[in-house]
Amino acid sequence: MSNQKEPILKYQVGGTLAANAPTYVERQADKDLFEALKNQKLCYVMSSRQMGQSSLRARTIQRLTTQGVACVDIQATEIIQQEGLTPEKWYLGVIDQIVAQLQLNCDHMQWWEQHENFSEVVRFKQFISEILLEEIQNKEIVIFFDEIDALLSLDFSLSDFFAVISECLNSRA
């Protein structure tokens with residue numbers, strides 16, 4: 001009989017597992033998503049709720065970050081839960097999360113106000129080219145959107161937003 005204690009593994013029901021959780025089971029999706037993103041492919045992960053998409057995202061972000069990729073994890077539900085959400089608040093919410101997570105050195109609120117003569121989507125596009133791509137040079141950038149299905153409940157269209165995302169994908173070097 002051994003006096004060694006068996007390690008205790010905590011089972012977690014629901015929620016995102018930590019990127020280094022010992023109970024995480026790596027799947028083929030982990031490898032596929034990581035490789036596709038490293039090859040600059042547009043990726044999307046769709047499945048039923050509580051199937052591990054958020055844990056997959058967290059692990060992929062950790063792996064990409066250790067390889068020098070700048071990653072942003074946009075939480076769509078945080079943005080759309082704002083009182084009186086407008087297109088301007090949506091775009092600013094996305095920019096807020098980008099600035100905070102990448103620790104960009106800019107006063108994005110002041111920048112936004114200085115460009116008030118432009119539409120929200122034009123300002124968002126300008127933010128990407130004038131701020132984001134200027135501050136994060138010589139690095140790949142991957143932006144994750146979690147709970148994107150929540151956008152279906154909005155009272156306004158985000159087709160222009162997705163057009164900008166598509167344009168970014170098509171214009172990368």
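Tabulated results
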quantity	calculated
Complete set of residues in the stretch 126-145 that are on the phi < 0 side of the Ramachandran plot and among the polar types (S, T, N, Q)	126, 129, 137
Test set (1) assigned to a loop (DSSP other than H, G, I, E, B); (2) touching a residue at least 12 places away in the same chain (Cβ under 8 Å); (3) farther than 26 Å from residue 44 by Cβ - residue 111 fails condition number	(1)
Extreme residue, surrounded by the fewest Cβ atoms within 10 Å (Cβ to Cβ), among residues of the stretch 150-162 that are within 17 Å of the chain's Cα centre (by Cα) and closer than 13 Å to residue 124 by Cβ	162
Those residues of the stretch 96-150 which are β-branched (Val, Ile, Thr) and more than 25 Å from residue 67 (Cβ to Cβ), in sequence order	121, 122
Residues that are outside any helix (DSSP H, G or I) and either acidic (Asp, Glu) or under 18 Å from residue 163 (Cβ atoms) (or both), drawn from the stretch 76-105	83
Count - residues of the stretch 51-108 that are out of contact with any strand residue (DSSP E or B) (no Cβ under 7 Å at 6 or more places or on another chain) and within 24 Å of residue 41 (Cα to Cα)	16
So residue 132, is it surrounded by 14 or more Cβ atoms within 10 Å (Cβ to Cβ), within 17 Å of the chain's Cα centre (by Cα) and more than 21 Å from residue 37 (Cβ to Cβ)	no
Total residues in the stretch 121-156, condition over 20 Å from residue 56 (Cα atoms), outside any loop (DSSP other than H, G, I, E, B) and without any contact (Cβ under 8 Å) to a residue 24 or more places away in the chain	7
Matching residues, the stretch 125-150, being at pLDDT below 95, of a type outside the set (Asp, Glu) and over 18 Å from residue 74 (Cα atoms)	129, 137, 138, 139
Residue under evaluation residue 107, criteria (1) within 18 Å of the chain's Cα centre (by Cα); (2) surrounded by fewer than 12 Cβ atoms within 10 Å (Cβ to Cβ), criterion not met	(1)
One residue from 86, 77 being farther than 20 Å from residue 136 by Cα, surrounded by fewer than 17 Cβ atoms within 10 Å (Cβ to Cβ), hydroxyl-bearing (Ser, Thr, Tyr) and in contact with a helix residue (DSSP H, G or I) (Cβ under 7 Å, 6 or more places away or on another chain)	77
Failed condition for residue 69, given (1) more than 20 Å from residue 142 (Cβ to Cβ); (2) modelled with pLDDT of 95 or more	(1)
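The values are calculated or read from the model by the stated rules, or taken from the named source; none is laboratory data. Quantities reported herein were computed from a predicted structural model and do not represent experimental measurements. Positions of Cβ are generated from backbone atoms using ideal geometry, with glycine treated the same way; all protein chains shown enter the neighbour counts.
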